[in-house]
1. Please find, among 259, 267, 309, the residue that is buried (at least 19 other Cβ atoms within 10 Å of the Cβ), more than 13 Å from residue 518 (Cα to Cα) and touching a helix residue (DSSP H, G or I) at 6+ places or on another chain (Cβ under 9 Å).
2. For the subset of the stretch 161-213 comprising residues that are closer than 20 Å to residue 240 by Cβ and loosely packed, with under 14 Cβ neighbours inside 10 Å, which member is nearest to the chain's Cα centre (by Cα)?
3. Quickly run through the stretch 136-159 and pick out the residues that are among the hydroxyl-bearing types (Ser, Thr, Tyr) and surrounded by 13 or more Cβ atoms within 10 Å (Cβ to Cβ).
4. Tally time: how many residues in the stretch 220-279 are free of Cβ contacts under 8 Å to residues at least 60 places away in the same chain, in contact with an Asp or Glu (Cβ under 8 Å, 6 or more places away or on another chain) and not polar (S, T, N, Q)?
5. Are there strands (runs of 3 or more DSSP E) fully within the stretch 256-343 with at least 2 residues that are over 23 Å from residue 405 (Cβ atoms) and under 21 Å from the mean Cα position of the chain (by Cα)? List them.
6. Among residues belonging to the stretch 497-555 that are touching an Asp or Glu at 6+ places or on another chain (Cβ under 7 Å), of a type in the set (A, V, I, L, M) and at pLDDT 90 or above, point out the one that is nearest to residue 322 (Cα to Cα).
7. Being of a type outside the set (Phe, Trp, Tyr) and over 25 Å from residue 536 (Cβ atoms) narrows it down to one residue among 201, 219, 192; which is it?
8. Please determine, by comparing only the residues of the stretch 8-53 that are part of a loop (DSSP other than H, G, I, E, B) and either surrounded by 10 or more Cβ atoms within 10 Å (Cβ to Cβ) or in the same structural domain as residue 237 (by TED's automatic domain parsing) (or both), which one is modelled with the lowest pLDDT.
Amino acid sequence: MFIFLSRLFKSFTRKEFLAFLIVSGIFLISFSLALAERIIQRTKIVPVSGGDYSEGIVGQPSFINPVLANNDTDRDLIKLLFSDLGQLAESYKTEEKGKVWRYRLKEDAKWDDGEKITSDDVIFTIETIQNPDIYSPIFQNWQSVEVKRISEREIELKLPAAYVFFESVIKDLKPIPKHIFAKIPAANIKLSDYNLQPVGSGPYKVLNFKKQQDGFIDSYILERNENYSGDKAYLKKIKVVFYGSEEDVIKAFNGGEIDGFGLVSADNLEKVIFPHQISEFQMLKYYAAFFNPFSHPALKDKNVRMALDLAINKNELVEKTLSGYAKPISGPLIEGVSGFIDYIDNSAIIDLNGIEEANKVLNESGWARNEEGIRQKTIGKESVKMEFVLIIPEIKDLIEAGKFIKEAWSQIGVKADLSIIPLSEINNQIIKNRDYQIIIFGNILGKNPDLYSFWHSSEKFYPGLNLALYENKSVDKIIESLRENFNEQKRSDNLSDLQSLVASDYPAIFLYSPNYLYIGKKNVFRSGKENFISFSNERFNNVEKWYIETARVLK
């Protein structure tokens, strides 16, 4: 064959040989393309195990312990290292019309050190939370729950009354290992090294961490937990690196030191110059300006509250203060929450002539401008001016929102003095004592929210979170019935009714629901993303499905 081909090529003229080469090349290219297309048609790309990932976080861990965690950094790590009871259970059922909940653990559920997870671990965790000497941040959720051991894998939780939202409470219950903590006196648990070197049950476990002499923790190296009872993670390791500010995190990302991070302020997005992709989640959270009607005579007037609402162009507020990364809202429920309706009231006209309508409402209500241009009215024997103190947490986006509101109100004859206060002081003093006239604050919801603490009249005072000191008997009845109603459709209908009732009373100016932005390199795929999250750590809800390495396999 070789001799034949050699003689054949020698018989070619120069032009014939060149033509042969061209035709052969075209044939090979066509054949290769056809073969490649055939392969593509008959195969698919799938994620495979492998690859490391690095996450940048602003802050420092204190207690990587679900019973003690008190900051976002702790909760981020706990999300990677621990499973909640719902994830550890193979099944659950409710009895006695929702007063009794039974959970049965998976047979293969293990701690990352290989020890079996049993009902004793769950009971120990709940009893530890209920121990007042522990000062657990989730103590309030569990103080009236009775827990009983049925078997090694089954427990019974008994509530004082039926509570349909208990399943969301379960998501906050991430058991801790009894064989690690049972021998430690309650008063010493906070001192345990296991709070920084936890034994968990999540998709990852601690391999090591780097700590400076001054106590600052530089980073954690987490490796895939082969004992995880769920689907095994694709990524082999995750490195979590800690920074002092968002600017430091962005600098590290731009320098290629980390693969991803959560962005707190949308204003900083323009500083991210390294090629990236943005994963955008709508938070099941909203911010509102809550009125305290007992602090100022004018705030008792529904028309005043309506006018203050009408004056604010919420779409413009979102564009100017959050670069559009938020959704304007008009009620106590938001998109993504069961029962949400696109409630329409007078605030629907704010984009066209909200200022004009607000002025009209105030004029018709007898609030006239004085020589200073500030509206006032005689109520009883007192001449009342529309001057308010607007309290704002010391958070950049909220401060900008406060400035926007002040300017809007000035156009309707209302004076607002901004009082910017650290968040810790607001939580520990201002809210506790209800010491405010108007305050900008946030409420965090779940997909199936219990609005009792936010809007029931019994929660007007601390530790309740009814910041508007709102009272409406019809709303109270709906909220109470919601807690015992296991019919999802009826519950959704009731939530819609509740939303309309609250919004029409104008107890607060519902401003916006913020978006959470996650910045990551383009070579990392985060499949199984959710559109709505309540807390920033829920960006890791499907972390076991994140991947870098891929392979092509037959369909």
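The values are calculated or read from the model by the stated rules, or taken from the named source; none is laboratory data. These numbers were taken from a predicted model, which means no experiment stands behind them. When we count neighbours, we look across all protein chains shown, and the Cβ atoms used for this are built from the backbone with ideal geometry, even at glycine.
1. Working: 259 fails: more than 13 Å from residue 518 (Cα to Cα); 267 fails: buried (at least 19 other Cβ atoms within 10 Å of the Cβ).
309 is the lone residue from the list that is buried (at least 19 other Cβ atoms within 10 Å of the Cβ), more than 13 Å from residue 518 (Cα to Cα) and touching a helix residue (DSSP H, G or I) at 6+ places or on another chain (Cβ under 9 Å).
2. Among those residues, the one meeting the criterion is 197.
3. So in the stretch 136-159, the residues among the hydroxyl-bearing types (Ser, Thr, Tyr) come out as 136, 144, 151.
136, the sole residue that qualifies.
4. Number satisfying all stated conditions: 1.
5. The qualifying strands (runs of 3 or more DSSP E) are 260-263, 277-283.
6. Out of the qualifying residues, it is 517.
7. Details: 201 fails: over 25 Å from residue 536 (Cβ atoms); 219 fails: over 25 Å from residue 536 (Cβ atoms).
Result of the check over 201, 219, 192: 192.
8. So in the stretch 8-53, the residues part of a loop (DSSP other than H, G, I, E, B) come out as 12-13, 48-51.
Filter once more, so that each one left must be either surrounded by 10 or more Cβ atoms within 10 Å (Cβ to Cβ) or in the same structural domain as residue 237 (by TED's automatic domain parsing) (or both): 12, 48-51.
Working: 12: 64, 48: 86, 49: 90, 50: 91, 51: 91.
Among those residues, the one meeting the criterion is 12.
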